[in-house]
Amino acid sequence: MGLFLAGVAVWLSRIEDWRSYTPLAGGGGAVGEESGYAHNEKPSGLIRWLTTVDHKDIGILYGVYSIIAFAVGGIMVILMRTELLTPDEAIIGSQFYNSLLTSHGITMLFLFGTPMIAAFGNYFIPLLVNAEDMAFPRINAIAFWMLPPGALLVWAGFLVVPFTDIQPAQTAWTLYTPLSAGVGTGTQAGVSGLGIDFMLLGLHFTGLSATMGAINFIATIFTDRGSDVNWANLDIFSWTMLTQSGLILFAFPLLGSALIMLLLDRNFGTTFFLAEGGGPILWQHLFWFFGHPEVYILALPPMGLVSFILPKFSGRKLFGFKFVVYSTLAIGVLSFGVWAHHMFATGIDPRIRASFEAVSLAIAIPSAVKVFNWTTTLWGGNLRLTAPMLFCVGAVSNFIFGGVTGVFTAAIPIDLVLHDTYYIVGHFHYILMGLLAFTVFAGIYYWFPIITGKMYQKRLAKWHFWLTMIGTNITFFAMLLLGYLGMPRRYATYTFGVGPQQIIEVLHQVTTLGAFILLVGQIIWVWNMIQSWYEAPTLQDNDPWDLKETGQFTNEWGWNERRLETAIADGGEEEEATMTDGGDPVDGSADAE
């Protein structure tokens, strides 16, 4: 098999240059030769999007896919929060609730979070480092096209349940064994448990996509930088994407291995995670060795976006740039030494718990360095409260809440009390929604003029910010209070008969109110994006944020300026010149200059 794969690789290298857009002339040159000219223009319509290898097009595909996944995950959580308005089962059954709970987590982490970051990386990393494209354009396209089938497999249980006995996965997103291993005769075993198998296969697709993308980002930043970009002046967003890609290379293959073992346990009678074999705790070790670096895979690029965008509207450059870079690298290293703080309640050796507690507390230090640098950048600056700036400031505020609540759970005695309560849900949602989603919105608003050539409606953008900020804090702060009251997570009902039942019910209703406020905010955002993209007048200003005044007119805006100037010189037709590996612009005539 190895010889066969090597033969395929050699054959492909003979017929096609994988680092360019076009086949080598005659189909026979060697890898590394400059390609000939490509087509004068991209195909139009659907064919363009199905066949594109342009990093900007692929970035848009990633973005649209991620927004669809974000909408699906959001609808799932609205259904769950509606059910939790009352203590009893009222709207959806507990099984459907568990299915939504499981798919919501997987959707937001694997189908929205990581692909959305890849959307920004694909579109802007080559522009920021002055590369012609991603290092491997075709592999870049393959990485994206693995995501749609992955999503269909993750959601397959919902798609086939009306027609078959197959049930959606109901294991929660952590897929803890022995439940996920199909033990017993419940809905997660036998034919009805095929929804879990579909989900596991879908996770494989998303993991392969992320790994291929990570290799591409690393190769692009290391080998395809422009001559004017070096390690000393590499932008902070590229630094965080590079660190994130390194984490993906070490974390995702382990998840893939664990998923294969779980599939074998479910379908071929192995005992990797069963009590008579490796044991259920083995799954937790393998899962969280991936799972906690995954938190920083989702958090580091958003931190990079804050560090990149915040100074643009503060009138000054990022304070302590080198320390922000060093803290990014420190988080990347330390993130692999904290996984067992998710397992303090499992009865592992107290000495092991103590070591993980120490590292879990230590990783807060580089995170605090970033917060210090962001606030110092703001201090004394000439602040402009545009939509990107508001979302960055909101992200910093939410990150402080999420970070401080995380420090408490790093302490073993406190974690034993709060483990598996709504406190944990509130904590990590302050990071995922409060940091990740907020910086996604900041990046979309900041780069909207580059992506579309137009400007969004600024008043609607501020409505979007305030509704999202208020909704986020109402929802997740109430969850923290629920956790302090001992409300366990992942329950479809809460008719316990003990404890402050009335207060718990009120807090659940407050949480649901916050979720609906968030929903209204996102509807406004979607309307603003679509309406502005189609109906807003085309921008003629190549510096819509006045970045030249503070010396922060970065490479991607320089590229946009050259594009606009070329469009004006060509009579107003804004057509991009496709670049080949040799760096020559493609044009239909030899005397285009």
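The values are calculated or read from the model by the stated rules, or taken from the named source; none is laboratory data. In this text, all values refer to a predicted model and were calculated from it rather than measured experimentally. So basically every Cβ, Gly included, is an ideal-geometry build from the backbone, and we count neighbours across all protein chains shown. Calculation scope for accessible area: heavy atoms of the full protein, side chains included, ligands and nucleic acids excluded. Shrake-Rupley method; radii C 1.70, N 1.55, O 1.52, S 1.80 Å.
Could you check, for segment 488-496, whether at least one of its residues is touching a residue at least 24 places away in the same chain (Cβ under 8 Å) and of a type in the set (D, E, K, R)?
Within segment 488-496, one or more residues are touching a residue at least 24 places away in the same chain (Cβ under 8 Å) and of a type in the set (D, E, K, R).
Look through segment 188-230, keep the residues that are assigned to a loop (DSSP other than H, G, I, E, B) and open to solvent by 40 Å² or more (accessible area, probe 1.4 Å), and return whichever of them is nearest to SER99 (Cα to Cα).
If we take residues in segment 188-230 being assigned to a loop (DSSP other than H, G, I, E, B) and open to solvent by 40 Å² or more (accessible area, probe 1.4 Å), then GLY190 is nearest to SER99 (Cα to Cα).
Looking at the structure I just gave you, is ALA364 surrounded by fewer than 18 Cβ atoms within 10 Å (Cβ to Cβ) and closer than 28 Å to PHE465 by Cα?
yes
Among the residues of segment 339-348, what is the count of those that are without any contact (Cβ under 8 Å) to a residue 60 or more places away in the chain and either at negative phi or crowded, with 22+ Cβ neighbours inside 10 Å (or both)?
Qualifying residue count for the region: 3.
Identify all residues within segment 478-487 that are outside any loop (DSSP other than H, G, I, E, B) and touching a residue at least 60 places away in the same chain (Cβ under 8 Å); write none if there are none.
LEU480, LEU482, GLY483, TYR484
Does segment 51-60 include one or more residues that are surrounded by fewer than 16 Cβ atoms within 10 Å (Cβ to Cβ), under 19 Å from the mean Cα position of the chain (by Cα) and touching a residue at least 24 places away in the same chain (Cβ under 8 Å)?
Checked segment 51-60: no residue is surrounded by fewer than 16 Cβ atoms within 10 Å (Cβ to Cβ), under 19 Å from the mean Cα position of the chain (by Cα) and touching a residue at least 24 places away in the same chain (Cβ under 8 Å).
Looking only at residues in segment 461-483 that are among the β-branched types (Val, Ile, Thr) and open to solvent by less than 20 Å² (accessible area, probe 1.4 Å), which one is nearest to GLU556 (Cα to Cα)?
Top of the filtered list is THR468.
PHE496 passes all but one of (1) outside any loop (DSSP other than H, G, I, E, B); (2) over 30 Å from ARG562 (Cβ atoms); (3) not acidic (Asp, Glu); which number fails?
Every condition holds for PHE496 apart from (1).
Restricting the first residue to segment 156-169 and requiring it to be in contact (Cβ under 8 Å) with a residue 40 or more places away in the chain, which pairs with a second residue that is acidic (Asp, Glu) and in a loop (DSSP other than H, G, I, E, B) meet a Cβ separation below 7 Å and a spacing of at least six or different chains?
The qualifying pairs do not exist here.
With the structure loaded, tell me whether THR82 is open to solvent by 10 Å² or more (accessible area, probe 1.4 Å) and either out of contact with any Asp or Glu (no Cβ under 7 Å at 6 or more places or on another chain) or charged (D, E, K, R) (or both) or whether it fails that test.
yes
Please state which of the following conditions GLU357 fails to meet, knowing it meets all the rest: (1) in contact with a Gly (Cβ under 6 Å, 6 or more places away or on another chain); (2) closer than 26 Å to VAL333 by Cα; (3) open to solvent by 20 Å² or more (accessible area, probe 1.4 Å).
Answer for GLU357: the failing condition is (1).
Spot the failing condition for GLY453; the list is (1) crowded, with 21+ Cβ neighbours inside 10 Å; (2) at positive phi; (3) among the small types (Gly, Ala, Ser), and only one is missed.
Answer for GLY453: the failing condition is (1).
Which members of segment 544-565 meet the condition of being in a helix (DSSP H, G or I) and open to solvent by 40 Å² or more (accessible area, probe 1.4 Å)?
Correct list: LYS548, GLU549, THR550, ASN555, TRP559, ARG562, GLU565.
If you take the residues of segment 301-336 that are among the aromatic types (Phe, Trp, Tyr), surrounded by fewer than 18 Cβ atoms within 10 Å (Cβ to Cβ) and within 23 Å of the chain's Cα centre (by Cα), which of them is nearest to SER367 (Cα to Cα)?
The extreme case among them is TYR326.
Of the conditions (1) aliphatic (A, V, I, L, M); (2) more than 24 Å from ILE331 (Cα to Cα); (3) open to solvent by less than 50 Å² (accessible area, probe 1.4 Å), ILE236 satisfies every one except a single condition; which number is it?
Of the numbered conditions (1) aliphatic (A, V, I, L, M); (2) more than 24 Å from ILE331 (Cα to Cα); (3) open to solvent by less than 50 Å² (accessible area, probe 1.4 Å), the odd one out for ILE236 is (2).
Check off (1) in a helix (DSSP H, G or I); (2) in contact (Cβ under 8 Å) with a residue 40 or more places away in the chain; (3) over 30 Å from HIS285 (Cα atoms) for LEU329 and give me the number that stays unchecked.
Unmet condition: (3).
Each row is one residue, and each column tells you yes or no for (1) free of Cβ contacts under 8 Å to residues at least 24 places away in the same chain; (2) assigned to a helix (DSSP H, G or I); (3) more than 30 Å from TYR445 (Cβ to Cβ).
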residue	(1), (2), (3)
TRP239	no, yes, no
PHE250	no, yes, yes
LEU264	yes, yes, yes
PRO302	no, yes, no
ARG351	yes, yes, yes
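Of everything in segment 145-167, what is open to solvent by less than 10 Å² (accessible area, probe 1.4 Å) and within 16 Å of the chain's Cα centre (by Cα)? Give them in sequence order.
Of everything in segment 145-167, those that are open to solvent by less than 10 Å² (accessible area, probe 1.4 Å) and within 16 Å of the chain's Cα centre (by Cα) turn out to be LEU147, GLY150, ALA151.
Restricting attention to segment 411-420, does a residue exist that is surrounded by fewer than 18 Cβ atoms within 10 Å (Cβ to Cβ), touching a Ser or Thr at 6+ places or on another chain (Cβ under 9 Å) and not acidic (Asp, Glu)?
Checked against the condition, which is being surrounded by fewer than 18 Cβ atoms within 10 Å (Cβ to Cβ), touching a Ser or Thr at 6+ places or on another chain (Cβ under 9 Å) and not acidic (Asp, Glu), segment 411-420 yields at least one hit.
Among the candidates ALA345, ALA340, single out the residue that is touching an Asp or Glu at 6+ places or on another chain (Cβ under 8 Å) and modelled with pLDDT under 95.
Answer to the check: ALA345.
To keep it simple, each residue is scored yes or no on (1) of a type in the set (Gly, Ala, Ser); (2) out of contact with any strand residue (DSSP E or B) (no Cβ under 7 Å at 6 or more places or on another chain).
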| site | (1), (2) |
| --- | --- |
| ASP420 | no, no |
| HIS427 | no, yes |
| LEU435 | no, yes |
| PRO449 | no, yes |
| THR452 | no, yes |
| TRP463 | no, yes |
| LEU467 | no, yes |
| ALA478 | yes, yes |
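Name the one entry in PHE391, PHE428 that is open to solvent by 10 Å² or more (accessible area, probe 1.4 Å) and of a type outside the set (Val, Ile, Thr).
Answer to the selection: PHE428.
Starting from segment 434-460, keep only residues that are closer than 22 Å to GLY558 by Cα, then list their pairs with residues that are modelled with pLDDT under 95 and part of a strand (DSSP E or B) whose Cβ atoms are within a distance under 7 Å, requiring at least 6 positions of separation or different chains.
Between residues of segment 434-460 that are closer than 22 Å to GLY558 by Cα and residues that are modelled with pLDDT under 95 and part of a strand (DSSP E or B), the close pairs are GLY453/THR538; LYS454/THR538.
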